[in-house]
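The values are calculated or read from the model by the stated rules, or taken from the named source; none is laboratory data. Quick caveat: nothing in here was measured; it's all calculated off a predicted structure. Note that we place each Cβ from the backbone using ideal geometry, even for glycine, and neighbour counts take in every protein chain shown. Areas reflect the complete protein model, heavy atoms only, side chains present, ligands, DNA and RNA absent. Shrake-Rupley method; radii C 1.70, N 1.55, O 1.52, S 1.80 Å.
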Amino acid sequence: MGDNKRKRGPKPKTPAAEDTNITTMDIQYTNPTTANDAVSVPSNETATDPSSSQPSRRGRGRPRKTEKLNIAASPERRSLRHADQNGDGGHALAVVSEPPLMVPSWENVARVVPAMEAVVKVFCVHTEPNLSLPWQRKRQYSSSSSGFVIGGRRVLTNAHSVEHHTQVKLKKRGSETKYLATVLAIGTECDIAMLTVSDDEFWEGVSPVEFGELPALQDAVTVVGYPIGGDTISVTSGVVSRMEILSYVHGSTELLGLQIDAAINSGNSGGPAFNDKGKCVGIAFQSLKHEDVENIGYVIPTPVIMHFIQDYEKNGEYTGFPVIGVEWQKMENPDLRTSIGMRTDQKGVRIRRIEPTAPESHVLKPSDIILSFDGVNIANDGTVQFRHGERIGFSYLVSQKYTGDNALVKVLRNSEILEYNIKLSTHKRLIPAHINGKPPSYYIIAGFVFAAVSVPYLRSEYGKDYEFDAPVKLLDKHLHSMAQSIDEQLVVVSQVLVADINIGYEDIVNTQVLAFNGKPVNNLKKLASMVENCDDEYLKFDLEYDQMVVLQTKTAKAATLDILLTHCIPSAMSDDLKS
């Protein structure tokens, strides 16, 4: 018996226990792989371009994080040589497994089946720009995702599914034919894109989906699409488990979103989510990946979808979601409220900073207390009444407006209540989150490559973890600096193409340009214009970190052509700077 006694002691540590000190969320962006990658990346994980895997060139940023909010998104990626094998041979069959408890019954699932005929598979060939070498493009790659037909001979899918598209094709359920599609609009913030097909044959026998009302918590949802794991249509069921303002990974913004417990995998992007009446209540677009969570997917709800559609119909193009253009502080501390002069029956949020480019910057002031927006009272924690028993961030009220709309804002200033009718506009970032499908801008003189910083540029230079590996000063400007004018850009010396004329300057990398010949540099186009029209003896660039670059004007301009020929660069500046 004595041999069978158990010895007491400390419990062995599990592998997960070693990382318990890392709890914050990592917002992970998706980059494409290229055909010459040495390591293959599973399609449900984020792939980065090989050029972005180089070690960081400056100091580190914030501590690393573990949770990853993935674009569900990543559409299922395939190499081009296998792109023609994506068809289902015209024998698509919806397979629905027996649902567990708390999910739609078989009768409810069967009622959704007719709407599945409107769900299509989206094939896209992408050609991304090379932000580190802006005169080039990366190798093209292909992906597959989902979409669905709506009224007006249009198809909706995710914006990231057709980002940097070269060619888009659609295939209906049970068909072997792929139809060429045209992209009508891309909504970057809301991660929605609108397509159409000119071939009349595509629209035969297809009925558009109908949109339903915003679902309530615990309402049943059925996600339909073409996720990884097969070529035929797939159906997963679940319930709405949460509704709140979510961070949209692709759009780098915050809008209303639904959290569901139905599986959303790579390739589900752009697929519809139906309620038990067969009406569309959202678009699958991203999921949360972490070792401690299971089946957490996110859906773009109908209010956001209808805003996108009506914005396009109203303006003929996508204009975006407006913002109020202020940074605010909660007023939950009673001493803080008393010191500002708020009465016990008054509630609101305090303005910390106002964007200089925002229209309301002329009427609102820092330390103003926003009491209400369009007649809806704002609580001290920044929330407003949403539905019975629910509250939501007041930015939801702003997102219901359209660019150029007016809103009535009531503020408390020096114990006096004031009302202002402000005009809403889109957010102007100093470092934009997207380049909106445009070719990157660049300017080259004497081997110095000047570029405007954007989030895609940082990702190209420092990889998907740019928030940790990019220079601290660039990260500080990305997170906290505000644009002082509509056309302001953060211009840097991206790199120096080595030549005899720039000896001693080779190590300058991603350093901001502050001034040229004593004049401030507000954007890349102004810098290029000043250099091209310079008649002074020297070109003098004042850089951050108190660095200075001085070049003889005539020698620098003469050497530029030889440097371009050496590096096979077609032009000293991008086309947008020539106009």
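A few remarks follow.
- Test: VAL240 is modelled with pLDDT under 95 and within 25 Å of the chain's Cα centre (by Cα): yes
- Residue list for the range 130-183, filter: closer than 20 Å to GLY271 by Cβ and among the basic types (Lys, Arg): ARG153, ARG154, LYS169, LYS171, LYS172, ARG173, LYS178
- Within the range 254-267, the residues that satisfy the criterion of being at pLDDT below 90 and crowded, with 21+ Cβ neighbours inside 10 Å are ALA262, ILE264, ASN265, SER266, GLY267.
- Residue selected from the range 503-534 under the condition open to solvent by less than 10 Å² (accessible area, probe 1.4 Å) and of a type in the set (Val, Ile, Thr), by the criterion farthest from the chain's Cα centre (by Cα): VAL531
- Every residue from the range 284-323 that is assigned to a strand (DSSP E or B) and surrounded by 20 or more Cβ atoms within 10 Å (Cβ to Cβ): ALA284, PHE285, GLN286, SER287, GLY297, TYR298, VAL299, ILE300, PRO301, VAL323
- Every residue from the range 538-571 that is closer than 29 Å to LYS477 by Cβ and either in contact with an Asp or Glu (Cβ under 9 Å, 6 or more places away or on another chain) or of a type in the set (Phe, Trp, Tyr) (or both): TYR538, PHE541, TYR545, MET548, VAL549
- Across the range 268-283, the number of residues qualifying as surrounded by fewer than 19 Cβ atoms within 10 Å (Cβ to Cβ) and out of contact with any Lys or Arg (no Cβ under 8 Å at 6 or more places or on another chain) comes to 1.
- Taken over the range 182-209, the criterion of being in contact with a helix residue (DSSP H, G or I) (Cβ under 8 Å, 6 or more places away or on another chain), part of a loop (DSSP other than H, G, I, E, B) and open to solvent by 50 Å² or more (accessible area, probe 1.4 Å) is satisfied by GLY205, SER207, PRO208.
- Among the residues listed as LEU475, LEU479, LEU497, the single one being open to solvent by less than 30 Å² (accessible area, probe 1.4 Å) and either at pLDDT below 95 or touching an Asp or Glu at 6+ places or on another chain (Cβ under 7 Å) (or both): LEU475
- LEU258 meets each of the listed conditions (1) in a loop (DSSP other than H, G, I, E, B); (2) in contact with a Pro (Cβ under 7 Å, 6 or more places away or on another chain) apart from (1).
- If only residues of the range 427-468 that are among the polar types (S, T, N, Q), modelled with pLDDT of 90 or more and within 18 Å of the chain's Cα centre (by Cα) are counted, the one that is surrounded by the fewest Cβ atoms within 10 Å (Cβ to Cβ) is SER454.
- Looking only at the range 313-369, residues that are of a type in the set (Gly, Ala, Ser) and in contact (Cβ under 8 Å) with a residue 60 or more places away in the chain come to 5 in all.
- Residues of the range 280-302 that turn out to be at pLDDT 90 or above and in contact with a helix residue (DSSP H, G or I) (Cβ under 8 Å, 6 or more places away or on another chain), as a count: 4
- Every pair of residues 6+ apart whose Cβ atoms lie under 7 Å, when the first sits in the range 431-445 and is of a type in the set (Phe, Trp, Tyr) while the second is in a strand (DSSP E or B): TYR442/VAL449; TYR442/PHE450; TYR442/ALA451; TYR442/MET573; TYR443/PHE450; TYR443/MET573
- Per this entry, SER132 is counted among residues that are open to solvent by less than 20 Å² (accessible area, probe 1.4 Å), in contact with a helix residue (DSSP H, G or I) (Cβ under 9 Å, 6 or more places away or on another chain) and within 30 Å of VAL492 (Cβ to Cβ).
- Residue check for ASP368: within 29 Å of VAL509 (Cβ to Cβ) and open to solvent by less than 40 Å² (accessible area, probe 1.4 Å): no
- Conditions (1) open to solvent by less than 50 Å² (accessible area, probe 1.4 Å); (2) outside any strand (DSSP E or B); (3) under 23 Å from TYR248 (Cα atoms); number of the one not met by ARG387: (1)
- Any hit, the range 263-282, residues being in contact with an Asp or Glu (Cβ under 9 Å, 6 or more places away or on another chain), not hydrophobic (A, V, I, L, M, F, W, C) and not in a loop (DSSP other than H, G, I, E, B): no
- Tally of residues being of a type in the set (Gly, Ala, Ser) and in a loop (DSSP other than H, G, I, E, B) across the range 397-440: 4
- Scope the range 535-579; condition basic (Lys, Arg) and over 31 Å from the mean Cα position of the chain (by Cα); matching residues: LYS540, LYS554, LYS557
- For the range 283-297, the criterion of being in contact (Cβ under 8 Å) with a residue 12 or more places away in the chain and under 30 Å from SER372 (Cα atoms) is satisfied by no residue at all.
- Tally of residues being in a loop (DSSP other than H, G, I, E, B) and crowded, with 20+ Cβ neighbours inside 10 Å across the range 168-177: 1
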